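The values are calculated or read from the model by the stated rules, or taken from the named source; none is laboratory data. From a predicted model like this one, the values you see are computed outputs, not experimental measurements. Neighbour counts are summed over all protein chains in view; Cβ atoms, including those assigned to glycine, are modelled from backbone coordinates with ideal geometry. Just the protein is used for accessible areas: all its heavy atoms, side chains included, with ligands, DNA and RNA removed. Shrake-Rupley method; radii C 1.70, N 1.55, O 1.52, S 1.80 Å.
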Amino acid sequence: MSQVSQAPVTTPDGVADPTAPTAYSEVKGWFSTYDQVLFDWFLGRQNDDAEKPGDLLELGAFLGKSAIFLGRYLRPGEELTVCDLFDSPAVDDSNLEENRSSYPTLTRRGFEVNYMAFHAALPTVIQAPTSVVAERVRPGSCRFIHVDASHLFEHVVTDIASSRIVGAPGAVVVFDDYRSEHCPGVAAAVWSAVVTGELRPICVSASKLYATWGDPAPHQAELLAWLEGRADLWHGIDTIAGRPLVRIGNQGAVPPEPPQPLRPAPVAAPAPGPVRRPGARWRRLAKDLLPPVVTRRIVAARRRRH
Ligand SMILES: C[S@@+](CC[C@H](N)C(=O)[O-])C[C@H]1O[C@@H](n2cnc3c(N)ncnc32)[C@H](O)[C@@H]1O
C-alpha cells in the first residue's frame, strides 16, 4: 500500500513537465495568504535558531500548495516528509467517501509535477494513510508539523497522537479546519486534546490552530511582540482552560514573497502582424508617385507576364 520515493519528476528526456505551474498562484489548494504569513513567522523564527535543527512534516499534501511553501524553509541536512493517500484508496468507507467527494482528480503525479516546478528535489513522500506516520518518521525529529489530511474524528485523533511522537521538543503543530461546520470531527479531536490532554494552543487563525506539546508561553510572548507591528493582522487574547490563547484575524494580510518557479514562464511570442509580399513596399510607393496612366500600363504588363 505504501511507497517511499525521492526521484525527481521530468519527462524521459529530462525536460520539465509541460503541465507544471509557472506561478505559485496556479497551484490549487487551501492555504490562505494569512496562514502563509503565520507559517512564515513560525518557520522563519525557527530558522533563525541555528541551534535547533529539525525536520518538517505535512499530513495531507493534496497538490502541494502548502508543501511547496514548507519546502522553502528546509535548512541543509533537514528533511520534508509529506504523507498522503493521493490516488490510493482509503482504508475505510467514510474516508473513501471524504476523498472521493473532495479530491476526485488528485494524483501523486500532479503533486510531484507541482512540487518540482519550485524545488530541485522532491520531499520524502509516504503514499499511505497517515496512521503509518508514527512508524515511518523518526521519533522526536520534526520541528514543524502541518496536520491537514483526513478530517474525520478517529483519523485526526491518530494524527494528534502521531504529532506528539514525531515532534521535537517545542515543535509547532498546526491543525487545519479546527472549527468548520463541514468537519466537526477535527474540532472534537483537537479541543479534546487541549482540554483533557496536553496539547497547548499558541494561537488560532480563521482556519488553523497552532499548538505545541511543550510550553506555549515563549512562542506567545514573541508572537504578541511581532503582532504589535502588524497593521494587517488584528489580535486579541482569550483564556481557555486557564491558559491564554492568541486570536489572530485578517485585515488585509500582506503575504510573504510567494515561492518562485525554477523555470520562468515562457515569454509570449509577439502577435503576428499582416503578411507583406516581397516588393509590396515599392509597389505602394510607385502607385503613389507615378502618373495613373503609367501605373495602369505596369499593372497590365504584369498581368500579361503571369
Ligand atoms: C485538505 S487536503 C490537503 C490540502 C493541502 N495541505 C493544501 O494546503 O493545499 C487533504 C489531503 O489529505 C489526504 N487524505 C485524506 N485522508 C487521508 C488519510 N487517511 N491518509 C493520508 N492522506 C489522507 C487527501 O488525499 C488530500 O490530499
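Solvent-accessible area assigned to carbon and sulfur over the range 104-256 amounts to 56 percent, based on a 1.4 Å probe. For the range 195-249 and the range 17-43, what is the separation of their C-alpha centers, rounded to whole Å? Rounded to whole Å, the Cα centres lie 23 Å apart. Between D87 and R75, residue separation times 0.36 nm minus the direct Cα-Cα distance comes to 1.3 nm.
Close amide-amide hydrogen proximity is noted between D87 and R108, each under 5 Å apart and 5 or more residues distant or on a separate chain (H modeled in the peptide plane; Pro and chain starts excluded). Per-peptide packing, taken as the mean over residues of other Cβ atoms within 10 Å, places 210-223, 135-148 in the sequence 135-148, 210-223 from highest down.
What the phi angles of the range 150-166 give under the Karplus curve with 6.51, -1.76 and 1.60, with θ = phi - 60°, is a coupling list of 4, 9, 8, 3, 4, 5, 5, 4, 5, 5, 5, 5, 5, 4, 6, 6, 8 Hz, glycine and proline written as x.
A 1.4 Å probe run over the protein chains yields, for the range 12-130, 43 Å² of accessible area per residue, whole-number rounding.
Using the Karplus relation 6.51 cos²θ - 1.76 cosθ + 1.60 with θ = phi - 60°, the per-residue 3J(HN,Hα) values for the range 241-254 come to 6, x, 10, x, 9, 8, 9, 10, x, 8, 10, x, 3, 8 Hz, with x marking Gly and Pro.
For F111, the solvent-accessible surface with a 1.4 Å probe is about 0 Å², rounded to the nearest 10. Over all other residues within a Cβ to Cβ distance under 15 Å of R243, the charged ones net out to -1, with Lys and Arg as +1 and Asp and Glu as -1. Amide H to amide H, with H built 1.01 Å from N, F118 comes under 5 Å of L262, counting only residues 5 or more places away or on other chains.
Taken one residue at a time, the phi angles of the range 118-130 give Karplus couplings (6.51, -1.76, 1.60, θ = phi - 60°) of 10, 9, 6, 9, 6, x, 6, 10, 9, 8, 5, x, 5 Hz. Gly and Pro are set to x.
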